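Written below as structure tokens is the structure these notes are about.
No value in this document is a laboratory result; all are computed from the given coordinates. As the structure is a computational prediction, the values presented were derived from the model and not from experiment. Cβ coordinates were reconstructed from backbone atoms using ideal geometry, including for glycine residues, and neighbour counts include every protein chain displayed.
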Number of protein chains: 2
Amino acid sequence: MKRVLILGIDGYIGYSLALYLLKQDYEVTGLDNFSRRALVSDVEGFSLTPILPISVREHYLRSFPNFIDSVFGVNLDDYYTLDSLLKLIKPDVIVHLAEQPSAPYSMKDVRASMDTQYRNVLGTLSLLWAMKKNCPEVHLVKIGTMGEYGTPNCDIPEGEIPNQCLEDRWDEMGAIVNHPCPMAGLPFPKSPNSFYHLSKVHDTNNIIFACKNWGLTSTDIMQGVVFGTKTDYSNNDEQELTRFDYDEYFGTAINRFCVQAIIEHPLTVYGKGSQTRGFLPLKDSIQCLQIAIENPPKAGEYKVLNQFENIYSINNLADIICAEASDYGLHVGIAHIPNPRKELEHHYYNPTHEKLFSLGYNPTIEIREEINLLIQSILPYKDRVIEEVIMPKTNWR
Amino acid sequence: MKRVLILGIDGYIGYSLALYLLKQDYEVTGLDNFSRRALVSDVEGFSLTPILPISVREHYLRSFPNFIDSVFGVNLDDYYTLDSLLKLIKPDVIVHLAEQPSAPYSMKDVRASMDTQYRNVLGTLSLLWAMKKNCPEVHLVKIGTMGEYGTPNCDIPEGEIPNQCLEDRWDEMGAIVNHPCPMAGLPFPKSPNSFYHLSKVHDTNNIIFACKNWGLTSTDIMQGVVFGTKTDYSNNDEQELTRFDYDEYFGTAINRFCVQAIIEHPLTVYGKGSQTRGFLPLKDSIQCLQIAIENPPKAGEYKVLNQFENIYSINNLADIICAEASDYGLHVGIAHIPNPRKELEHHYYNPTHEKLFSLGYNPTIEIREEINLLIQSILPYKDRVIEEVIMPKTNWR
């Protein structure tokens, strides 16, 4: 089986992916610098799920015979360590989840903003140089975000501007033709809306160049907003719990709402709530990552996958969460609060996401059921909720 | 008159711009960390023109009554210092020339590459936060590069994707229509070809966001390759000489060729030489910067100017330089050497550059005459040429 190096193995997606792959006989090695634990603690948050100390987690990972090794405390910008590690580890695939993942955190202040772009952009740049030197043939699976695209007033393709204009065209005789777009093949222009999203766009641009100039091979995943706690291989053992953040910085919309629901706090929708985004359950995210691992682009190719199950408006989701919470006797309302972000609240949104489906992605269609299960899975931790960290204090303007 | 803060006042363009503005009664303040001197010295280069030590330069600058102050040794990533300085200086315009300006340097090794993106991207990000806090109304004139666009197989607009498709379109009755492009208004996608050019694209994206989100105002200049030593206000005093680099890293094509010409070394053209780029003399660059300073966008707007006089192929320029050198009795040949860069050697290139002309840019049409004057101006320094630093040692692949 493939030897997978997971950068960010201690994170929300990283730990879930590690267990998922270990249970399927992949050889897994992981790196982490515990930055997620440190950053969440910095903003006075705490994972809702009681996650194990790293030494205990590591012990559990080592109980799998196909877990090769973990190296902790390494920062990606430390090129020389990375260089030695890649030489030793000899991965077939590198899954890069080792970035500062929060948009609101990147807007908090100058320090957090510079820290985000430093970690993400310089860390990935160092990784690209280390791959070029040691293993240019390795497949880099990089997690980007659908937020790189922003909300442009046109359809969003997967990566490149398509060959054909997105609208009907006629020739001079009045017959409909597939009119080529003069910009076909160029990267679709991004309109990111935070310094975090920008850091991902910078990464994307650096990776495109590394593929073109050095022949590296990469799948760049534009991922929607992930929610949930479980994957298809999760059990209920405490060793298998992944972290679950719900603070204003590291808690994404659905996760944060579900935590509000279990304490019967009104769901705090930012602004009008008609903002529309792509979402997917954690188990779909992990399924898709495996599909990406198993379907590398051809050598030297840079490939984009738009990774989400479907698009929903925030109001949509809030309504679903209220309804599902009532199954557990929870009475939850909705409160619209002033939007701390500067974003369009009414907008066109039509991103493509065909490639993963064509590679076999079997999506969770029943988002209601998934949200219901999520509420059920976090209810036991109700008493651990720190209410004060949920409300937004960072104003993006 | 306007109070202009020049970031990078000790550099090639920065020092020329400072003198040009001082002679026209602008109030000028400058910052520099001497990184250009240090970097050129690191690669064992040396300015062909004997530039003054910084203390003497500063003394000369202070002889102008409208020179306000200079602060040396400040790095832009030092947000807290920048913050205090902006409070004190209260500029009307900030001209940001304080970046690592060499593409080959950024491809030299991992250290130089990370250093380039750190200085340029994190430095500019820190500046944006400091402007947001202290002077969000100030006009930021930022030097980018035409190299941000790369060489796409279509026309290059100035900044945004234009409203109309770039090609003729018909309606269903066969009449020609101005067919709107569905991506109109999005930033034209960039295809940069080095980690330096990428750093400028990252900057551009961060600046666009700072304008959109915080209401900052910026002119982002996509500048062609600059050559020459003089501006319209230059005299021949040694105090007024700007630096003139010709090493493989910091010497741009025409400057490097002219230095080869004065020592009668064959002009070393990289590859086939049909690479085509936009060029402009230093005096035009400075003229255009003044036009940018005098024509700010409206508050909160991000405006792109494509800044070059005309486009030339490298072979074109090499031929002109050989011919003009012969006026001085110099016998110069042309040697095609393997291209150390990975770039298209035959390509379409048609960038727009209308906006500066419409604002009054009066270009140097006679590039031959300009090159002739350049050769004349550097001939006295012939004995200072260090031949070994000219030939490329960095292979971009």
According to a simple spin-label model (label point 7 Å from Cα along Cα-to-Cβ), what is the distance in nm between B:Ser274 and A:Asn350? 4.1
List residues of the range A:115-158, by number, whose backbone nitrogen lies under 11 Å from a label position 7 Å along Cα→C-beta of A:Lys212. none
Rounded to the nearest Å, the spacing of the alpha-carbon centers of the range B:194-237 and the range A:274-324 is 37
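Run the numbers for B:Asn163 and B:Asp25: contour at 0.36 nm per residue of separation, minus the present Cα-Cα distance, in nm. List each step's numbers first, then the result.
On the way: separation 138, 0.36 × 138 = 49.68 nm, distance 4.04 nm.
Extra length from B:Asn163 to B:Asp25 when fully extended: 45.6 nm.
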Give the long-range amide H neighbours of A:Asn310: residues separated by 5 or more places, or on another chain, with amide H under 5 Å away, using H modelled in the peptide plane at 1.01 Å from N. A:Phe279
Under a 5 Å amide H to amide H cut-off, with H placed in plane at 1.01 Å, what residues pair with A:Ile68 once short-range neighbours are removed? A:Val28, A:Thr29
How far, in nm, would the chain grow between B:Ser63 and B:Leu88 when pulled straight, counting 0.36 nm per residue and subtracting the alpha carbon separation? 6.9 nm
Contact order relative to length of the range A:256-336, as percent, for alpha carbon pairs under 8 angstrom and 6 or more apart: 53
Which far-off residues, 5 or more places away or on another chain, put their amide H under 5 Å from the one on B:Cys165, with H placed in the peptide plane? B:His179, B:Cys181
When Lys and Arg each count +1 and Asp and Glu each count -1, what net charge do the other residues less than 15 Å away from A:Ser191, Cβ to Cβ, add up to? +3
Quick one: work out the % antiparallel among DSSP beta bridges in the protein assembly as shown, nearest 5. 20
Positive end of the charge dipole of the range A:163-309 (Lys, Arg +1 and Asp, Glu -1 on Cβ, about the Cα centre): tell me which of A:Phe279, A:Ser234, A:Ala261 has its Cα farthest that way. A:Phe279
In terms of the alpha carbon gyration tensor, root eigenvalues a ≥ b ≥ c, rounded if a/c is under 1.5 and otherwise prolate when a/b exceeds b/c or oblate, the range A:1-129 is oblate
Other-copy label distances relative to A:Glu172, 7 angstrom Cα-Cβ extension, nm: 2.2
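Count neighbours as other Cβ atoms within 10 Å of each site's Cβ, and list the trypsin sites (Lys or Arg not before Pro) in the range B:226-322 that are DSSP loop with at most 16 such neighbours. Let's see the in-between values first.
Working: sites: B:Lys230, B:Arg243, B:Arg256, B:Lys272, B:Arg277, B:Lys283, B:Lys298, B:Lys303; in loops: B:Lys230, B:Arg243, B:Lys272, B:Lys298.
Sparse-neighbourhood loop trypsin sites (Lys or Arg not before Pro): B:Lys272, B:Lys298.
Given axes a ≥ b ≥ c from the Cα gyration tensor, I'd like to know whether the range A:148-223 is rounded (a/c under 1.5), prolate (a/b larger than b/c) or oblate. Kindly include the intermediate steps, with their values, before the conclusion.
Numbers: a/c = 3.58, a/b = 1.78, b/c = 2.02.
Oblate, because a/c is 1.5 or more while a/b does not exceed b/c.
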Show me, for the range A:42-58, the HN-Hα J-couplings you get by feeding each phi into the Karplus relation (A = 6.51, B = -1.76, C = 1.60, θ = phi - 60°), rounded to Hz, glycine and proline as x. 3, 8, 6, x, 6, 4, 4, 6, x, 8, 6, x, 4, 5, 6, 4, 5
Dividing the mean separation of Cα pairs under 8 Å (6+ apart) by the residue count of chain A yields a relative contact order in percent of 20
Assume the label is 7 Å from Cα along Cα to beta carbon: what separations in nm does B:Glu366 have to the matching positions in the other copies? 8.3
Rounded to one decimal in nm, the spacing of the 7 Å Cα→Cβ label points at A:Lys2 and B:Asp232 is 6.1
Distances in nm between the label point of B:Gln24 (7 Å along Cα→Cβ) and its equivalents in the other copies, shortest first, are 6.4
Using Cα springs under 10 Å in a Gaussian network model of chain B, which residue among B:Ser285, B:Ser218, B:Ser84 shows the largest mean-square fluctuation? B:Ser84
In terms of the Cα gyration tensor, with a ≥ b ≥ c the square roots of its eigenvalues, is the range A:159-303 rounded because a/c is under 1.5, prolate because a/b exceeds b/c, or oblate? prolate
Reachable lysines, given that their alpha-carbon falls under 16 Å from the alpha-carbon of B:Lys272 and they are not under 8 places away in the same chain: B:Lys342
Mean separation of Cα contacts under 8 Å, 6 or more apart, over the residue count of the range A:276-397: relative contact order %: 36
What does the structure give for A:188-200 when I average, per residue, the other chain Cβ atoms found within 10 Å of the residue Cβ? 4
Here the Cα Rg-to-2.2 N^0.38 Å ratio for the range B:307-397 is 1.35
Taking N as its residue count, the alpha carbon Rg of chain B over 2.2 N^0.38 Å: 0.98
How large is the Rg to Rh ratio of the protein assembly as shown when both quantities use alpha carbon positions and Rh follows Kirkwood? 0.99
Could you please report the charge total around B:Gly273, scoring K, R as +1 and D, E as -1 over all other residues with beta-carbon less than 11 angstrom from its beta-carbon? -1
Dipole of the protein assembly as shown, positive end: most advanced residue of B:Gln164, A:Leu317, A:Gln100 [Cβ charges, Cα centre]: A:Gln100
Please give, to one decimal in nm, the separation of the simple spin-label points placed at B:Ile54 and B:Arg397, each 7 Å out from Cα toward the Cβ. 4.0
